[in-house]
1. If you go through region 72-106, how many residues are part of a loop (DSSP other than H, G, I, E, B) and in contact (Cβ under 8 Å) with a residue 24 or more places away in the chain?
2. Is there a residue in region 199-207 that is surrounded by fewer than 21 Cβ atoms within 10 Å (Cβ to Cβ), touching a strand residue (DSSP E or B) at 6+ places or on another chain (Cβ under 6 Å) and at pLDDT 95 or above?
3. Please go through region 107-164 and give me each residue that is part of a helix (DSSP H, G or I) and either under 21 Å from Pro14 (Cβ atoms) or among the β-branched types (Val, Ile, Thr) (or both), ordered by number.
4. If the requirement is being more than 30 Å from Leu44 (Cβ to Cβ), surrounded by fewer than 15 Cβ atoms within 10 Å (Cβ to Cβ) and either modelled with pLDDT of 95 or more or not assigned by TED's automatic domain parsing to the domain that holds Ala203 (or both), which of these qualifies: Gly105, Gly144, Gly132, Gly91?
5. Within region 69-79, which residues are buried (at least 18 other Cβ atoms within 10 Å of the Cβ), touching a Gly at 6+ places or on another chain (Cβ under 8 Å) and closer than 16 Å to Gly111 by Cα?
6. For Asp138, are the conditions met, namely being outside the structural domain of Glu10 (by TED's automatic domain parsing), exposed (fewer than 11 other Cβ atoms within 10 Å of the Cβ), out of contact with any Pro (no Cβ under 8 Å at 6 or more places or on another chain) and among the acidic types (Asp, Glu)?
7. All but one of (1) surrounded by fewer than 21 Cβ atoms within 10 Å (Cβ to Cβ); (2) over 18 Å from the mean Cα position of the chain (by Cα) hold for Ser247, so report the exception by its number.
8. Name the pairs whose Cβ atoms lie under 8 Å apart, with the first residue in region 249-265 and over 14 Å from Leu327 (Cα atoms), the second among the basic types (Lys, Arg) and in a helix (DSSP H, G or I), and 6 or more positions between them or separate chains?
Amino acid sequence: MNDLIRSLVEAYGPSGFEDRVRDLIRPLVEPHADEVTVDALGNLIVHRRPATDAANPLKVMIAAHMDEIGVMVTHVTEKGFLRFTNIGGVGSHTLLGGRVRFANGTVGVIGCDRLDDANTIHPLNKHFIDVGATGRDDCPVRVGDAAHFDRPFEARGQHLTAKSMDDRIGCAIAIEALRRLSAGSHDLYFVFSVQEEVGTRGAEAAANGIMPDVSIALDVTRTGDVPESRPMDVRLGAGPAIKVKDSGMIAHPGLVRLMRRRAEEAGIPYQLEVLEGGTTDARPMQLAGAGSAAGCISIPTRYIHSPSETLDAGDVAQCVDLLVAILSGEMDLA
């Protein structure tokens, strides 16, 4: 599975510019779909119809977002340096000395204005990108061009590290689950969504088009297993995290019970997640139309929204196992 993960995480795809990721995913899912469509926002929607003898099938939406955080040029100085703004949750402490790559292949190095105190962290607007230009006229990028953070995928034993694990790892899990699922009793919509990092916009549009009965997001979550971390009962290597609550939604209790039951029946270790800051595509899916029973399978990840997001390969495999177990059986949410 590492080859799949590598191809996804190294691809270019800041929020609003997900075309290349979608082009990678589409040929991988088409052999396992009854229908594949792309909506007006750019969501890739993969429909798997229920078995012909299924009675009263539930409409189930599974969402993993294709986009990643990034930056966008706001101004090119006379000397060819780029001022920029964020696309999504970019932290100033992750910037200095980092590298970014634009859609046209241009690589830039992030610098910052003079520091009187070497321990100071400048705000984002005090940083610039150096693309090697000598002036505005020979600058290879322009205002409005977007870039992603440029880091390769690394497999370090069980630990996998890359930029954009958030949420290309969710996409990889969805692809692998699609490969393993046979026609069942549910009407399945796998949505590879856009613009999650700037307000879960893609999933909102898709959910309002699909109107699911049950919704499951696949996304990363933080851990509490590094020195002086914020206390959180999630750690790498302990299995999928079943979300109970985050700052944007409270998971449907019946769906949480179902996820726990399926994990226990299959012998899959799991953790319970209460995330105090942040949310996922589960929020707009929960609120679509008259509402749906929504939850989230979360992948424990260290250093989220940095160029070196890190997770455990065993957790990833078990997330696939759990998703397949949930979608293969009946969904009694009582």
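The values are calculated or read from the model by the stated rules, or taken from the named source; none is laboratory data. These numbers were taken from a predicted model, which means no experiment stands behind them. Quick reminder, even Gly has a Cβ in these numbers, built from the backbone with ideal geometry, and neighbours come from all protein chains shown.
1. Initially, region 72-106 is screened for residues part of a loop (DSSP other than H, G, I, E, B), giving 77-80, 88-91, 95-98, 103-106.
After this cut, where a residue has to be in contact (Cβ under 8 Å) with a residue 24 or more places away in the chain as well, the list is 77-80, 88-91, 95-96, 98, 103-104, 106.
Residues that pass the stated criteria total 14.
2. No, there is no match, as no residue in region 199-207 is surrounded by fewer than 21 Cβ atoms within 10 Å (Cβ to Cβ), touching a strand residue (DSSP E or B) at 6+ places or on another chain (Cβ under 6 Å) and at pLDDT 95 or above.
3. Leu124, Asn125
4. Criteria check complete, one pass: Gly132.
5. Correct list: Gly70, Met72, Val73.
6. Considered against the rule, which asks whether it is outside the structural domain of Glu10 (by TED's automatic domain parsing), exposed (fewer than 11 other Cβ atoms within 10 Å of the Cβ), out of contact with any Pro (no Cβ under 8 Å at 6 or more places or on another chain) and among the acidic types (Asp, Glu), Asp138 comes out as yes.
7. Ser247 satisfies every listed condition except (2).
8. The qualifying pairs are Met249/Arg283.
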